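Before we start, here is the structure in question, set down as structure tokens.
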Amino acid sequence: MKRAALGKGLSALLPEGGGTGRGVLEIPVSAIRPNPLQPRRQFSQESLQELAASLKTHGFLQPVVVAPAEGVEIREAVLGYNASESAVRAMHTLALLAKPLGLRVRVVSVHEDPVRAGAWALEAETYLKDQGVPAEALAFPGDPAEHLLALQGPSDLLVLGAPVRRLVLGSTAEQVLRHAVGPVLTAR
């Protein structure tokens, strides 16, 4: 389904509230540390007061991203595989990571033709097992992003191919990156 969203403002492109379904999370200010990569190092007292006054009057006009400071211990991996060039690169990259980390991989292939989806999943499962990586093949009809996101837990590395330099709105990779609950690795 084609979305006629361009030229109609940001709200036409992004669902209300960012689309994560997670709602608002209140974090104590004491738990937030500055990003060490922030290029601005010094702020005048006057500009901070102006910012505080603006926030009181208008609220936040742009999203603020806060990420956990500690890393996530990855326990398993979910590989989205459709036999495309980028999916093959993602599979090869995952094989290099999964073996030394001792990760078990669930290969997820989605296509309207269950035979094709099953063949793709078995192809990737066979390759990973040949590399010494424990793997399980799963094939589904329907929406690839929906299945990948449903199978990913917070400690699962989700791996998939993203064949373009910039993510295309509505693509599987874009949907996965926007809604994933854990780490994501893309290969192009």
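Each value in this text was obtained by applying a stated rule to the coordinates, not by laboratory testing. Note that the coordinates shown come from a computational prediction; the quantities given were computed from them, not determined experimentally. All Cβ positions, even for glycine, are placed from backbone atoms using ideal geometry, and neighbour counts span all protein chains on display.
Restrict the search to the stretch 104-188; then list the GluC sites (Glu not before Pro) that DSSP places in a loop and that have at most 14 other Cβ atoms within 10 Å of their Cβ.
Numbers: sites: Glu112, Glu123, Glu125, Glu136, Glu146, Glu174; in loops: Glu112.
Of the GluC sites (Glu not before Pro), the ones in loops of the stretch 104-188 whose Cβ has at most 14 other Cβ atoms within 10 Å are Glu112.
Once fully extended, how much extra length lies between Leu122 and Glu50, figured as 0.36 nm per residue of separation less the alpha-carbon to alpha-carbon distance?
Values: separation 72, 0.36 × 72 = 25.92 nm, distance 5.96 nm.
Extra length available between Leu122 and Glu50 comes to 20.0 nm.
Moving to a separate point now. Would you mind computing, in nm to one decimal, how far apart the modelled labels at Ser155 and Val72 are, each placed 7 Å from Cα along Cα→Cβ?
1.2
Subtracting the Cα-Cα distance from 0.36 nm times the residue separation, let me have the gained length for Asp113 to Thr93 in nm, one decimal. Intermediate values should be presented prior to the final figure.
Values: separation 20, 0.36 × 20 = 7.20 nm, distance 2.68 nm.
Here the answer is 4.5 nm.
So if each residue of separation counts as 0.36 nm, and I subtract the Cα-Cα distance between Leu185 and Phe43, what length gain in nm does that give? Walk me through the numbers before you get to the answer.
On the way: separation 142, 0.36 × 142 = 51.12 nm, distance 3.53 nm.
So the chain would gain 47.6 nm between Leu185 and Phe43.
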